[in-house]
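**Student:** Sending over a structure as structure tokens; questions will come in a sec.
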Amino acid sequence: MESRVVPARFEHAVAMAPRMRAADCAECWAIANVEPLEALRISLEWSLYAWTWLVDEQPACMFGIGTTSLIGNAGSPWLLSTDLVAEHRVTFLRGCKPYLAHLRGKFPYLHNVVDARYVTCVKWLKRLGFVVHDAEPIGPAGALFHRFEIGE
């Protein structure tokens, strides 16, 4: 298996959208009523930095960060994935901490929300050191989401 992280491009989104994990698709719909390709497009356009993790030249996940503060110390990270992440779980988990450190170097405070039904993702965020708050209704249908944060 060959894997590498490259700057994200819309072509990656086009290749990845039909293979996006069901839980990621459900989260995109619950938060904004958007399909996978639209969610990836919006995320890419909004991001200050975005990357694609390629596994054997296939997009396994796309991730990035946008700013949520005019003073620039707060960032909102995002990640959308395919089943390749689960298939190469160890490699994925090993790669997370360096990217989290990189993002925290640019944005000392990171925060966003995660679908409460996406238990695997909630566990991953906790493993990375994020504080995950109690679920609350968010989005057009009031689906339950956890706010998560790290830093100050």
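Each row is one residue, and each column tells you yes or no for (1) more than 20 Å from Q58 (Cβ to Cβ); (2) modelled with pLDDT of 95 or more.
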| residue | (1), (2) |
| --- | --- |
| R94 | no, no |
| K97 | yes, no |
| H102 | yes, no |
| K123 | yes, yes |
| L128 | yes, yes |
| H133 | yes, yes |
| E136 | yes, yes |
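**Student:** Here's another thing I want to ask about it. If you go through the range 25-52, how many residues are in contact with a strand residue (DSSP E or B) (Cβ under 8 Å, 6 or more places away or on another chain), outside any strand (DSSP E or B) and surrounded by 16 or more Cβ atoms within 10 Å (Cβ to Cβ)?
**Tutor:** Filtering the range 25-52 down to residues in contact with a strand residue (DSSP E or B) (Cβ under 8 Å, 6 or more places away or on another chain) leaves 26-28, 30-31, 36, 39-40, 43-44, 46-52.
Pick out the ones that are also outside any strand (DSSP E or B) and you get 26-28, 30-31, 36, 39-40, 43-44, 46-48.
Restricting the remaining residues to those that are surrounded by 16 or more Cβ atoms within 10 Å (Cβ to Cβ) gives 27-28, 30-31, 36, 39-40, 43-44, 47.
Going through the range 25-52 one residue at a time, the tally reaches 10.
**Student:** Now, a different point. Of these, H111, H102, which one is at negative phi and touching a residue at least 40 places away in the same chain (Cβ under 8 Å)? Outline the logic, then answer.
**Tutor:** Values: H102 fails: touching a residue at least 40 places away in the same chain (Cβ under 8 Å).
Unique residue meeting the criteria: H111.
**Student:** So which residues in the range 116-131 are in contact (Cβ under 8 Å) with a residue 60 or more places away in the chain and out of contact with any strand residue (DSSP E or B) (no Cβ under 8 Å at 6 or more places or on another chain), if there are any at all? Spell out how you get there, then give the answer.
**Tutor:** Keep residues of the range 116-131 that are in contact (Cβ under 8 Å) with a residue 60 or more places away in the chain, which gives 117-118, 120-121.
Scanning the range 116-131 gives Y118, T120.
**Student:** Return the total of residues in the range 61-97 being closer than 16 Å to A39 by Cβ and either aromatic (F, W, Y) or more than 13 Å from the chain's Cα centre (by Cα) (or both).
**Tutor:** Number of matching residues: 2.
**Student:** Can you name the number of the only condition in (1) assigned to a strand (DSSP E or B); (2) under 18 Å from V119 (Cα atoms) that A60 fails?
**Tutor:** A60 satisfies all of (1) assigned to a strand (DSSP E or B); (2) under 18 Å from V119 (Cα atoms) except (2).
**Student:** Looking only at the range 1-24, how many residues end up being among the acidic types (D, E), over 14 Å from the mean Cα position of the chain (by Cα) and part of a helix (DSSP H, G or I)?
**Tutor:** Looking only at the range 1-24, we keep the residues that are among the acidic types (D, E), and these are 2, 11, 24.
This time we only want the ones that are over 14 Å from the mean Cα position of the chain (by Cα), so: 2, 11.
Retained after the next criterion (residues that are part of a helix (DSSP H, G or I)): 11.
Result for the range 1-24: 1.
**Student:** Quick one: is A74 aliphatic (A, V, I, L, M), surrounded by fewer than 12 Cβ atoms within 10 Å (Cβ to Cβ) and closer than 15 Å to I150 by Cβ? Walk me through it before giving the result.
**Tutor:** Values: aliphatic (A, V, I, L, M): yes; surrounded by fewer than 12 Cβ atoms within 10 Å (Cβ to Cβ): no; closer than 15 Å to I150 by Cβ: yes.
No: the conditions fail for A74.
**Student:** Now for a different question. Please go through the range 1-24 and pick out each residue that is touching a residue at least 24 places away in the same chain (Cβ under 8 Å) and surrounded by fewer than 13 Cβ atoms within 10 Å (Cβ to Cβ).
**Tutor:** Step one: filter the range 1-24 for residues touching a residue at least 24 places away in the same chain (Cβ under 8 Å), giving 1-10, 12-13, 15-16, 19-21, 23-24.
Hits for the range 1-24 are M1, E2, R4, V6, P7, F10.
**Student:** Also: Which residues, counting only those in the range 47-75, are touching a helix residue (DSSP H, G or I) at 6+ places or on another chain (Cβ under 9 Å) and charged (D, E, K, R)?
**Tutor:** Residue satisfying the conditions is D56 alone.
**Student:** Of a type outside the set (A, V, I, L, M) and touching a residue at least 12 places away in the same chain (Cβ under 8 Å): which single residue out of G72, G142 fits that description?
**Tutor:** On the way: G142 fails: touching a residue at least 12 places away in the same chain (Cβ under 8 Å).
Exactly one residue qualifies, and that residue is G72.
**Student:** If you scan the range 129-145, which residues turn out to be surrounded by fewer than 16 Cβ atoms within 10 Å (Cβ to Cβ) and not in a loop (DSSP other than H, G, I, E, B)? Break it down stepwise before answering.
**Tutor:** Taking the range 129-145 first, the residues surrounded by fewer than 16 Cβ atoms within 10 Å (Cβ to Cβ) are 129, 131, 133-134, 136-137, 140-142, 144.
Result: V131, H133, D134, E136, P137, L144.
The values are calculated or read from the model by the stated rules, or taken from the named source; none is laboratory data. All values reported here derive from a predicted model rather than from experimental measurement. Positions of Cβ are backbone-derived with ideal geometry, glycine not excepted, and every protein chain shown enters the neighbour counts.
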